[in-house]
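Peer 1: Would you mind keeping the following structure in view while I ask a few things?
Nothing in this text is a laboratory measurement; each read-out follows from the coordinates by a stated rule. Note that this is a predicted model, so its numbers are computed, not measured. Cβ placement follows ideal geometry from the backbone for every residue including glycine, while neighbour counts extend to all protein chains displayed.
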Amino acid sequence: MTTTPTPAPAGKPGATHPWATGGTVLAGVLMVVNGVFAIIEGIAAIAQDDILYLTRIGNYIYKFSLTGWGWIHLILGIIVLIVGIFLLKGANWARIAGIVLASLTVIVHFLWLPYQPLWALVVIAVAVFIIWALCTDKEPLRW
């Protein structure tokens with residue numbers, strides 16, 4: 001008597017890949033670190049408007065004073081830090097807020113390109129990963 005093997009059950013629809021779950025935790029950590037760096041970046045830009053490490057490259061259509069950029073980075077950094085902490089604690093609302101804040105971070109750092117091009121590109125890449133991780137994992141964080 002011959003039997004045909006039954007196919008292995010496919011993953012449940014909507015199930016998430018383990019990489020996405022680990023990515024969500026990493027996204028929370030990256031949000032906390034990114035928030036701290038943005039706070040430091042904002043304080044540095046507010047403290048001195050003529051900082052040597054912040055140089056403007058060419059003419060750029062989006063012109064703000066460095067003090068204005070400092071306040072933008074400081075406020076955004078504080079909010080990103082707080083949402084990152086709540087994301088690590090497992091708050092479901094923090095996932096949506098994280099996606100919105102990471103999208104806003106991409107926009108802000110695109111406008112920040114003439115002042116720190118390499119750093120802005122790194123932060124944009126990290127924010128895109130955060131968006132992917134938070135959109136891919138549909139399970140709430142559990143510790």
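Peer 1: With r defined as the distance between the Cβ atoms of L121 and V100 and R0 fixed at 25 Å, what FRET efficiency is calculated, to the nearest 0.05?
Peer 2: The computed FRET efficiency comes out at 0.75.
Peer 1: Quick one: 3J(HN,Hα) in Hz for the range 66-77, Karplus 6.51/-1.76/1.60 with θ = phi - 60°, rounded, Gly and Pro as x.
Peer 2: After applying 6.51 cos²θ - 1.76 cosθ + 1.60, I find 5, 5, x, 4, x, 5, 4, 5, 5, 5, 5, x Hz.
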